[in-house]
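S.K.: For reference, the structure I am asking about is given below.
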Amino acid sequence: MNTNSTFLKSSRITSLVLACVVSAGAFAGPQASKVSGVTVLTLAAAAVKSIDYANAISLDVPQALFQSGSQLDSLLEAQAGGASSSSGVAGGSGTPAGAGNSAALGFSAGGAGSGKLNPVTLIVGSKALASQAGGVAPQDFGTSNHVYTEARTNALGDLTTRYYPFRPTGKLWFNIGASSYVCSASLIKPGVIVTAAHCVANFGASQFYSNWQFAAAYDGGVAPYGIATAKQARVITGYFNGTDSCAQRGVVCQNDVAVIVLNSNVGSSAGWYGYGWNGYSYSNNQAQITQLGYPQSIDGGSWQERTDSQGYVSGSMSNNTVIGSAMTGGSSGGPWLVNLGVAGSNQGAGLAPNGNIVVGVTSWGYTAAGIKEQGASPFTSNNIVPLVNAACSAYPGSC
C-alpha cells in the first residue's frame with residue numbers, strides 16, 4: 001500500500017490510504033479496453049456472496065493537503081464574490097471556470113420510476129441500525145467558514161428514501177482483492193449508475209476493482225429495490241493511466257467520475273436522476289448543491305444523509321466544485337444535485353430549471369477534518385457525456 005504521509009487513515013481503515021492508492025500487483029483483475037478516451041471493463045456474472053455487507057470498509061474520499069482557514073477564506077471569497085466572464089463564465093451562462101466559453105451547458109432528464117419495491121435484507125442485527133439521533137442539524141461550518149446543513153434523509157424515522165427524488169441514491173459495495181469496501185452511487189439511467197472513479201479504479205495504476213453491487217435507497221440493512229450487480233464499468237482513460245489533470249495527483253482531479261452498467265434496470269422502479277454538464281444550473285461559478293450519500297462518520301453509514309450548501313467552482317482545484325460538508329468515508333461517489341425536489345405549480349421556470357440533475361459526485365475532502373469541505377470533479381462534455389454515451393451504445397436496453 002502507498003503510505004504517503006500527506007494522507008490520513010480513517011479509524012475504520014487499516015490497510016488502505018484515503019486516496020485509495022493500491023500498489024501495482026496488489027490484486028489481479030480482468031483486462032480492460034480503451035476506446036476514444038474511455039477505459040471499459042466488462043465483467044462476468046458476479047457472485048453476491050463474495051461481498052461482506054456487514055463488515056465492508058467505507059472507502060474514504062481522497063484527501064487534499066491541509067490549507068489554513070485564512071487561505072480557504074480568501075479562496076472562497078475570490079471564487080464566489082466576483083466571478084465574471086474572465087474567470088470562465090460566459091455571459092452568465094454558468095459555465096464553470098476552465099470549461100471554456102465555447103462549451104455549451106447541457107443536461108439529460110431523469111425519471112421517477114414506478115416505485116415498486118423488491119426488498120432484500122442485506123444486514124441483520126445491530127450493524128444494520130444506527131444509534132445516533134435523527135432530525136435536522138443546525139447550520140454549521142468549519143474553519144473554512146463554508147456553511148452547510150447536514151441531516152438524515154429519513155427525518156424522524158420515516159421512509160423518505162423510498163420516495164423520489166431520494167430513492168435513486170444508494171450504497172455501492174465492491175472488492176479490492178478479497179476485502180469488501182463501500183462507496184455511494186446514484187442511478188442516472190434505468191440500468192446505469194454514476195460514482196467516483198476512485199471507487200472503480202486505482203488512479204494511475206491501470207487497475208480496476210471488482211464485483212460492484214448497488215442497493216438503491218439502502219436503509220438500515222435493507223435494499224428496498226433489491227441488489228443489482230454490475231456487468232461493465234467505465235472511467236476516463238486519463239484517470240485510469242494517471243495522466244489526468246490534477247491539482248493534487250490522484251486526489252483533486254478533472255475526471256474522478258465513473259459509470260457502471262448494471263445487470264438489472266433497477267431504475268425502472270427506483271427512478272433515476274438527470275445529469276448536467278458544463279455548468280448546468282450554475283450562475284457566476286456558483287450553485288446550490290444537495291449532496292447525498294452514506295458516510296461512515298454519520299449514523300455508521302446505515303442511513304442516507306443529506307448536505308445542503310452553496311457550491312463554488314475553484315480554478316485552483318482543477319475546476320472542482322467545493323461545498324461545506326461533514327461527510328467523510330463512504331460518501332465517495334454520492335451525487336451532487338441541483339434543483340432537487342418537485343417544483344411548485346405556481347413557480348416560474350427560471351433558467352436551467354430542470355429538477356434533480358446530478359452535476360458531480362463526491363471526490364475528495366481535507367486531511368484536517370475541521371475544515372469541513374468536500375469537492376467534486378466537474379461534469380463536462382468531455383467526461384460524463386462520453387461515459388454515458390458509450391455505456392448506452394453498448395447496452396441500449398439499460399438506458
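S.K.: Looking at THR195, THR229, THR237, THR160, can you tell me which residue is within 14 Å of the chain's Cα centre (by Cα) and of a type in the set (Val, Ile, Thr)?
M.R.: THR195
S.K.: Quick one: which residue in ALA205, ALA233, ALA247, ALA223 is at pLDDT 95 or above and among the hydrophobic types (A, V, I, L, M, F, W, C)?
M.R.: The match here is ALA233.
S.K.: Sort out which residues of region 260-319 are within 28 Å of ARG249 (Cα to Cα) and acidic (Asp, Glu), and write them in order of number.
M.R.: Residue satisfying the conditions is ASP308 alone.
S.K.: State whether one or more residues within region 300-317 are at pLDDT below 90 and within 16 Å of HIS146 (Cβ to Cβ).
M.R.: So far as region 300-317 goes, yes, one or more of its residues are at pLDDT below 90 and within 16 Å of HIS146 (Cβ to Cβ).
S.K.: OK, next. Would region 372-393 turn up any residue that is farther than 22 Å from ILE188 by Cβ and of a type in the set (A, V, I, L, M, F, W, C)?
M.R.: Scanning region 372-393, I find no residue that is farther than 22 Å from ILE188 by Cβ and of a type in the set (A, V, I, L, M, F, W, C), so the answer is no.
S.K.: Condition (residue is among the hydroxyl-bearing types (Ser, Thr, Tyr) and free of Cβ contacts under 8 Å to residues at least 60 places away in the same chain) applied to region 260-276: is it met by at least one residue?
M.R.: No, the conditions are met nowhere in region 260-276.
S.K.: Let me ask something additional. With the checklist (1) assigned to a strand (DSSP E or B); (2) at negative phi; (3) not hydroxyl-bearing (Ser, Thr, Tyr) in hand, flag the one item ASN211 doesn't pass.
M.R.: (2)
S.K.: Hey, can you tell me all the residues within region 154-194 that are modelled with pLDDT under 90 and among the hydrophobic types (A, V, I, L, M, F, W, C)?
M.R.: Matches in region 154-194: ALA155, LEU156, LEU159, ALA178.
S.K.: Within the bounds of region 254-271, is there any residue that is modelled with pLDDT under 95, touching a Phe, Trp or Tyr at 6+ places or on another chain (Cβ under 7 Å) and crowded, with 22+ Cβ neighbours inside 10 Å?
M.R.: There is no residue in region 254-271 that is modelled with pLDDT under 95, touching a Phe, Trp or Tyr at 6+ places or on another chain (Cβ under 7 Å) and crowded, with 22+ Cβ neighbours inside 10 Å.
S.K.: Please list, ordered by residue number, the strands (runs of 3 or more DSSP E) wholly in region 223-297 having 1 or more residues that are among the polar types (S, T, N, Q) and in contact with a Leu (Cβ under 8 Å, 6 or more places away or on another chain).
M.R.: Result: 228-236, 246-248, 286-293.
S.K.: Given the residues CYS253, CYS199, CYS246, which is the only one that is within 30 Å of LEU159 (Cβ to Cβ) and in contact with a Cys (Cβ under 7 Å, 6 or more places away or on another chain)?
M.R.: CYS199
S.K.: Applying the selection to region 144-198, what residues are surrounded by fewer than 21 Cβ atoms within 10 Å (Cβ to Cβ) and in a strand (DSSP E or B)?
M.R.: THR149, ALA151, ASN175, SER179, SER180
S.K.: Applying the selection to region 287-303, what residues are surrounded by 24 or more Cβ atoms within 10 Å (Cβ to Cβ) and within 13 Å of the chain's Cα centre (by Cα)?
M.R.: ILE289, GLN291, LEU292, GLY293, TYR294, PRO295, listed by residue number.
S.K.: Which of the residues spanning region 232-245 are touching a helix residue (DSSP H, G or I) at 6+ places or on another chain (Cβ under 9 Å) and either touching a residue at least 60 places away in the same chain (Cβ under 8 Å) or not acidic (Asp, Glu) (or both)?
M.R.: Listed by number, the residues that qualify are GLN232, ARG234, VAL235, ILE236, TYR239, PHE240, THR243, SER245.
The values are calculated or read from the model by the stated rules, or taken from the named source; none is laboratory data. This structure is a prediction, so every number in the text was calculated from the model and none was measured. Heads up, the Cβs are rebuilt from the backbone with ideal geometry, glycines too, and the neighbour counts pull from every protein chain shown.
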